[in-house]
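Down below is the structure, laid out as structure tokens.
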Amino acid sequence: MKIAILTSGILPVPAVQGGAVENLIDFCLEYNDVHHLHDITIYSVKHPKVKGHPALKSDVNHYRYIDTTSLWAKLCKNLYLRKRGGDEYYHYTVEYFFEQAMKHLRQQSYDAIIIENRPGYALKLKDKVQAKFVVHQENDYLNNKTSHYQEIYDSLSCIINTSEYISEQVKTINPKDGKSQTVLNGIDTNCFYNAQPVSRNKVGLNDKDFVIVFSGRLTKEKGIMELIHAISILRDIPNWKLLIVGASAYGKDKHPTPFIEELIKATESIKDKIVFTGFVDYKEIPSYLKMADIAVVSSMWEEPFGLTVVEAMAAGLPLITTRSGGIPEICEGVATIVERNNIVDNLASAILDLYQHPEKRKQMAEASLERSKLFDKETYAKNFFKALEDGIQ
């Protein structure tokens with residue numbers, strides 16, 4: 001098939017700036033380059049680091065870049081900004097990317113167009129481009145509360161969702177939904193399996209410390225505040241340390257956000273127990289995780305999937321997480337899953353349990369590592385293409 005992939009219009013592909021969706025696209029493109037399944041064109045924002053990237057040499061994957069930083073782009077985006085609040089479906093910067101991509105799409109002939117994580121695009125394309133439309137959802141963007149949900153749903157041939165939780169949300173539109181397929185996300189597990197731990201001395205820890213690691217964006221919904229309150233309950237237990245790996249905005253933080261300031265204030269009485277690393281490049285995450293004794297993913301919202309859960313498992317860590325969204329689909333049976341009601345006490349109890357039972361930690365670590373094998377990038381890409389082909393037959 002001849003396929004177009006319409007990215008989100010924020011980060012580039014190849015994923016030289018990271019991004020969960022962009023990395024998943026890369027996995028599919030790598031798989032396609034090896035197996036020559038389809039002729040694929042990717043519509044992506046332009047970025048200097050992409051120039052000369054080895055992926056661009058593929059015979060079956062083609063890259064079309066849209067410059068969203070030129071003077072002309074800035075003028076156009078300003079017009080979109082002024083129209084904001086009207087009938088524009090997404091942010092004005094993304095709107096510019098989409099409009100430029102659509103101009104090219106209208107001149108091409110594709111069997112299918114994969115729309116990454118923006119189902120609203122389908123409405124703007126349906127009368128202008130002849131192709132089957134597929135939405136790949138990383139988030140809960142299409143349900144019976146979505147604006148124009150029925151029109152969007154009717155315009156799609158296939159909906160590929162990142163978890164059964166998201167697929168169930170689509171069913172609020174049509175309980176007999178036959179368009180949705182679930183393809184659980186994947187990661188480059190070898191990066192975690194082969195990583196060597198960072199020296200604890202590098203971040204002010206030592207070999208006697210019982211290290212609890214939290215990795216991810218420092219935002220309210222990720223539950224880091226609840227974790228800090230839980231840790232405070234355990235302040236009298238010797239030798240524990242909380243390693244917080246991440247920042248609030250993927251390394252773009254220029255100044256602390258109000259929430260970060262709240263976090264710092266909340267840790268004042270136990271600041272000798274907590275290490276903030278700040279932003280860490282994704283390539284280094286496996287090594288930071290591997291220095292820890294346990295991982296906590298304390299999500300306080302309906303997490304669509306939770307890549308940090310898979311990453312912790314691939315690092316071979318005993319895991320504590322919350323019953324949120326699609327998380328149980330990933331780790332049920334190998335992790336301690338706590339309820340969000342009474343979350344602080346639940347987290348504290350779970351941490352204390354693992355602290356006191358080293359043999360249990362060992363068993364959970366082995367189970368995590370084994371479970372993570374289900375989420376390697378090749379399996380993800382293979383399952384994605386099968387869902388795509390089945391969905392648009």
- Every listed condition ((1) within 16 Å of SER298 (Cα to Cα); (2) polar (S, T, N, Q); (3) open to solvent by 40 Å² or more (accessible area, probe 1.4 Å)) holds for THR219 save (3)
- Confirm whether GLN181 is crowded, with 18+ Cβ neighbours inside 10 Å and touching a helix residue (DSSP H, G or I) at 6+ places or on another chain (Cβ under 9 Å). yes
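Does LEU29 count as assigned to a loop (DSSP other than H, G, I, E, B), at pLDDT 95 or above and buried (at least 18 other Cβ atoms within 10 Å of the Cβ)?
No.
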- Of (1) over 24 Å from GLU378 (Cβ atoms); (2) at pLDDT 95 or above; (3) among the aliphatic types (A, V, I, L, M), LEU71 satisfies all except one. Which? (2)
- Message: Test of understanding: among ASN139, ASN144, which residue is part of a loop (DSSP other than H, G, I, E, B) and touching a Ser or Thr at 6+ places or on another chain (Cβ under 7 Å)?
- Response: ASN144
- Message: Every residue in segment 108-148 that is open to solvent by 40 Å² or more (accessible area, probe 1.4 Å) and in contact with a strand residue (DSSP E or B) (Cβ under 6 Å, 6 or more places away or on another chain), please.
- Response: ASP111, LYS132
- Of the residues in segment 184-216, how many are open to solvent by less than 60 Å² (accessible area, probe 1.4 Å), under 21 Å from LYS271 (Cβ atoms) and assigned to a helix (DSSP H, G or I)? 2
- Query: For segment 32-61, what are the residues that are outside any loop (DSSP other than H, G, I, E, B), surrounded by fewer than 14 Cβ atoms within 10 Å (Cβ to Cβ), at pLDDT 95 or above and not hydrophobic (A, V, I, L, M, F, W, C)?
  - Reply: HIS35, PRO54, LYS57
- How many of the residues making up segment 342-393 are exposed (fewer than 14 other Cβ atoms within 10 Å of the Cβ) and under 30 Å from LEU37 (Cβ atoms)? 5
- Item | Every residue from segment 341-385 that is within 21 Å of the chain's Cα centre (by Cα) and charged (D, E, K, R) | ARG371, LYS373, ASP376, LYS377, GLU378, LYS382
- Item | Search result, residues across segment 157-174 that are under 23 Å from the mean Cα position of the chain (by Cα) and within 17 Å of ILE113 (Cβ to Cβ) | CYS158, ILE159, ILE160
- Please give the number of the condition TYR165 fails out of (1) surrounded by fewer than 21 Cβ atoms within 10 Å (Cβ to Cβ); (2) in a loop (DSSP other than H, G, I, E, B). (2)
- For ASN174, state whether it is of a type in the set (S, T, N, Q), surrounded by fewer than 19 Cβ atoms within 10 Å (Cβ to Cβ) and not in a loop (DSSP other than H, G, I, E, B). no
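The values are calculated or read from the model by the stated rules, or taken from the named source; none is laboratory data. The model shown is predicted, which means the values in this text are computed figures rather than measured ones. All Cβ positions, glycine included, derive from the backbone under ideal geometry; neighbour counts span all protein chains shown. What goes into the accessible areas is simple: the full protein's heavy atoms, side chains included, and nothing from ligands, DNA or RNA. Shrake-Rupley method; radii C 1.70, N 1.55, O 1.52, S 1.80 Å.
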